[in-house]
1. Just checking, which of Met10, Met70, Met66 is in a helix (DSSP H, G or I), modelled with pLDDT of 95 or more and out of contact with any strand residue (DSSP E or B) (no Cβ under 8 Å at 6 or more places or on another chain)?
2. Which residue is farthest from the ligand (Cβ to nearest atom), if the candidates are limited to segment 24-35 and must be of a type outside the set (D, E, K, R) and in a loop (DSSP other than H, G, I, E, B)?
3. Being of a type in the set (A, V, I, L, M, F, W, C) and surrounded by 20 or more Cβ atoms within 10 Å (Cβ to Cβ) narrows it down to one of Leu88, Leu76, Leu92, so name that one.
4. Could you run through segment 46-63 and say how many residues are away from the ligand (no atom under 14 Å from the Cβ) and either surrounded by fewer than 15 Cβ atoms within 10 Å (Cβ to Cβ) or modelled with pLDDT under 95 (or both)?
5. Among the listed residues Leu17, Leu38, identify the single one that is surrounded by 15 or more Cβ atoms within 10 Å (Cβ to Cβ) and away from the ligand (no atom under 12 Å from the Cβ).
6. Every residue in segment 82-113 that is aliphatic (A, V, I, L, M), more than 22 Å from Ala42 (Cα to Cα) and part of a helix (DSSP H, G or I), please.
7. State which residue pairs qualify: first residue in contact (Cβ under 8 Å) with a residue 60 or more places away in the chain and closer than 18 Å to Val14 by Cβ and inside segment 39-60, second residue basic (Lys, Arg) and in a helix (DSSP H, G or I) in any location, beta carbons under 6 Å apart, and separation of 6 or more residues or different chains.
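The values are calculated or read from the model by the stated rules, or taken from the named source; none is laboratory data. Computed from a predicted structure; not experimentally measured. Cβ atoms come from the backbone with ideal geometry, glycine included; neighbour counts cover every protein chain shown.
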Amino acid sequence: MGSQSDWATMRHAVETLAALDIGCEARIISAHRTPDRLVAFAKGAEAEGFQVIVAGAGGAAHLPGMTASMTALPVLGVPIESDSFKGLDSLLSIVQMPGGVPVGTLAIGKAGAINAALLAAAILARSDKALAARLAAYRARQTESVALTPQDKA
Ligand code: RP5
């Protein structure tokens, strides 16, 4: 993620990965404030053993796109909800990539962070049958948790 301030959103991705027993590492890497860290991470991520990168950033959110420009790994972008434009700036910064350098862009904020983790899980599950079973169980639990009728709040 681009900043400590993104953690409140991106922790939902980490929690979702943990619920699926998928190993992950959370790092703060700013495209603008720590560009050398970004280059070192993006160029070395595959050799380090990463398989999917989830990049959350807000405002002028260049982190996902610049990461994608330097790695062949799948990069999933999470637009952080900004104060100024409610994350629309983040979304447009991440989604509008030039043809040839893809970033899989998720929804703004918490839903995007959760779904980035689930999409990463779906990618990884193609070559990991045990994970595919855990992911199917996660989805089944989610389905079962939805009540048929609404309740008044207590
Ligand atoms: C982006 O700038 C970060 O991803 C963050 O969403 C935004 C604001 O960062 P802070 O000023 O809160 O550190 O690079």
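1. Just one listed residue meets the conditions, Met66.
2. Of the residues in segment 24-35, the ones of a type outside the set (D, E, K, R) are 24, 26, 28-32, 34-35.
From what is left, the residues that are in a loop (DSSP other than H, G, I, E, B) are 24, 26, 28-32, 34.
Working: Cys24: 18, Ala26: 13, Ile28: 9, Ile29: 9, Ser30: 5, Ala31: 7, His32: 6, Thr34: 10 Å.
Step by step, filter segment 24-35, then rank; the result is Cys24.
3. Details: Leu88 fails: surrounded by 20 or more Cβ atoms within 10 Å (Cβ to Cβ); Leu92 fails: surrounded by 20 or more Cβ atoms within 10 Å (Cβ to Cβ).
None of the other options fit; the residue is Leu76.
4. Initial filter on segment 46-63 (away from the ligand (no atom under 14 Å from the Cβ)): 46-53.
Okay, now just the ones that are also either surrounded by fewer than 15 Cβ atoms within 10 Å (Cβ to Cβ) or modelled with pLDDT under 95 (or both), so 46-49.
Of the residues in segment 46-63, 4 are away from the ligand (no atom under 14 Å from the Cβ) and either surrounded by fewer than 15 Cβ atoms within 10 Å (Cβ to Cβ) or modelled with pLDDT under 95 (or both).
5. Only one candidate qualifies: Leu17.
6. The answer is Leu88, Ala111.
7. If the second residue must be basic (Lys, Arg) and in a helix (DSSP H, G or I), no pairs are left.
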